1. Which members of the range A:204-240 meet the condition of being crowded, with 21+ Cβ neighbours inside 10 Å and on the phi > 0 side of the Ramachandran plot?
2. Give the range A:195-213 a look and list any residue that's within 19 Å of A:A290 (Cβ to Cβ) and of a type in the set (A, V, I, L, M, F, W, C), or say none.
3. Residues being exposed (fewer than 15 other Cβ atoms within 10 Å of the Cβ), hydrophobic (A, V, I, L, M, F, W, C) and touching a residue at least 24 places away in the same chain (Cβ under 8 Å): count how many of those fall in the range A:293-322.
4. Given the condition closer than 19 Å to A:K238 by Cβ and within 14 Å of chain B (Cβ to nearest Cβ), answer yes or no: does some residue in the range A:317-328 qualify?
5. Look through B:Y22, B:Y91 and report the one residue that is surrounded by 15 or more Cβ atoms within 10 Å (Cβ to Cβ), in contact with a His (Cβ under 9 Å, 6 or more places away or on another chain) and not small (G, A, S).
6. Scanning for something closer than 30 Å to B:G90 by Cα, hydrophobic (A, V, I, L, M, F, W, C) and without any contact (Cβ under 8 Å) to a residue 60 or more places away in the chain, does the range A:3-15 turn up at least one residue?
7. Give B:S14, B:S47, B:S35 a once-over and let me know the one that is farther than 21 Å from A:N130 by Cβ, under 15 Å from the mean Cα position of the chain (by Cα), within 14 Å of chain A (Cβ to nearest Cβ) and of a type in the set (G, A, S).
Amino acid sequence: MNIDTPTDAFRHIQTAHCENGVTTALLRHQGLEFMTEPLAFGMGSGLFYIQIPFLTINNGPAISFRTMPGAIFKRTCKSLGVEVTRKKFSNAAAAEAFLDYKVKEGVPVGCQVGVFHLTYFPKEYRFHFNAHNLIVYGQDEDRYLISDPVMEDVTTLTRPELTRVRFAQGPLAPKGHIYYPEKVKPITDEMIRKGIVSGIRRNVRDMLRIPGNFAGVNGIRHTSGNIRKWRDKLGLKKASLYLGQIVRMQEEIGTGGGGFRFLYGAFLEEAAAYMQDDRIANISEDFTKAGDMWRASAIKMAGVYKGRLTEQKDFNEIADMLLDIRLVEKEAFQKLSGLNLGK
Amino acid sequence: MKKEDLPQEPGPLSRLTRELCYVKNEEGKYETALSNGWDVKKDALDSAWVGVNERIEEARQAVFNGEKSPIYYFMELRLMDVGVLSGYTGYFSIFTKRHLKPSVFKNLSERKLAKYASAFDITVSELKNFKG
């Protein structure tokens, strides 16, 4: 590989979560050196909880510990006044042509992809999940240079391989989705502080005041109620698979551990430094606690899908653990809300 | 999670990469650390695959018994559901569901069979001749 090409100025950054990673790396490439993964996550109000009713994904409950795909990049860029270009395509040829054009310009771009056909992923991880993100930062003969933020190192994909994952099908089909920051104005500390405040306020709203009972902190209670019924309703085998799915959504690669709660704790720690406000640092501890509790619940759930725990009382105990987590998170967000930041 | 508590228990992912996690250091501050994996999530992934393989075996049996068309088997083999499959073929779900019936399947045109075969990454003759 020729290391003198201009695109090599792009620096790969490994992050816990792919969309945070793309956001961080692309903004740093534009000169915003202060950008970190926790900051992108927090400004983008990334923390969430939802169990989408009546929907199953991979034959399990549709649960997410983070906000909807695409929102973090969009919100973080917007709050910093960064102009963004995003495109989707109805046909693969146009998508390829546009990507080639940006690569030739030397502009690293984010691409949404599906992981089922993503050749460098281990087979065990290749489900039909379409909200993975990676950066294309150059081309070397017939291979695209790929920076996948969840990986330690960069990799490559051939044109057919890349096109295939950009046109994966199913829920959240990427349709060749490509995005990148266009114009970056000078950013002051004051703008960063504003972005932090609006990120926190939006996250408080999403977790505490979202209508319905299946999202935000109340969504955790919703799942807790479901777990109590799963053993009778679905049978032990299926109920175990459902618990396994929760653990995967919570702990798998991309979460930073503890269902993104540690990542949010890290954000609040950074936020406290920017705002020079120790109260925020104290609330960071609450999210560390919540993350630890999520992990404790995962260990208990593992007892079920490993076949060690089989009784209804085990399901009840897991459900109770989730209720405790809900209280910790509810209180933490109420504290954040009570700070009246930005007022 | 404290840095010293970060599990280092290799799983399938460690063939590709270690993953970045957020942990607390000795001073109680957050920093990042790399993990090789955690058995709790490895076991969750394993149990998901046990579930997948059972579904595939049931699908094979259903084709063998003449209850379902080969499309059903390959759909399960490729971890798809009707929605994902119809995304790849471009046929509406309602038609895809009909194509799962052996009686409808045997009258499918070559063109439709080719669409399905390409969605499954197999040849038309593999699709046609699958007997379970």
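1. A:G216
2. A:I200, A:V204, A:M207, A:L208, A:I210
3. 1
4. Yes.
5. B:Y91
6. Within the range A:3-15 (the criterion being closer than 30 Å to B:G90 by Cα, hydrophobic (A, V, I, L, M, F, W, C) and without any contact (Cβ under 8 Å) to a residue 60 or more places away in the chain), the answer is no, since none of the residues qualifies.
7. Of the residues listed, the single one that is farther than 21 Å from A:N130 by Cβ, under 15 Å from the mean Cα position of the chain (by Cα), within 14 Å of chain A (Cβ to nearest Cβ) and of a type in the set (G, A, S) is B:S47.
Residues checked against (1) within 15 Å of the chain's Cα centre (by Cα); (2) aromatic (F, W, Y):
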site: A:R221; (1), (2): no, no
site: A:N226; (1), (2): no, no
site: A:L234; (1), (2): no, no
site: A:K237; (1), (2): no, no
site: A:T255; (1), (2): yes, no
site: A:G259; (1), (2): yes, no
site: A:F262; (1), (2): yes, yes
site: A:Y274; (1), (2): no, yes
site: A:K289; (1), (2): no, no
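We did not get these values from a lab; they are worked out from the coordinates using the rules stated. This one's a predicted model, so the numbers in the text were calculated from it and none came from an experiment. Glycine also receives a Cβ, built like all others from the backbone with ideal geometry; neighbour counts cover every protein chain displayed.
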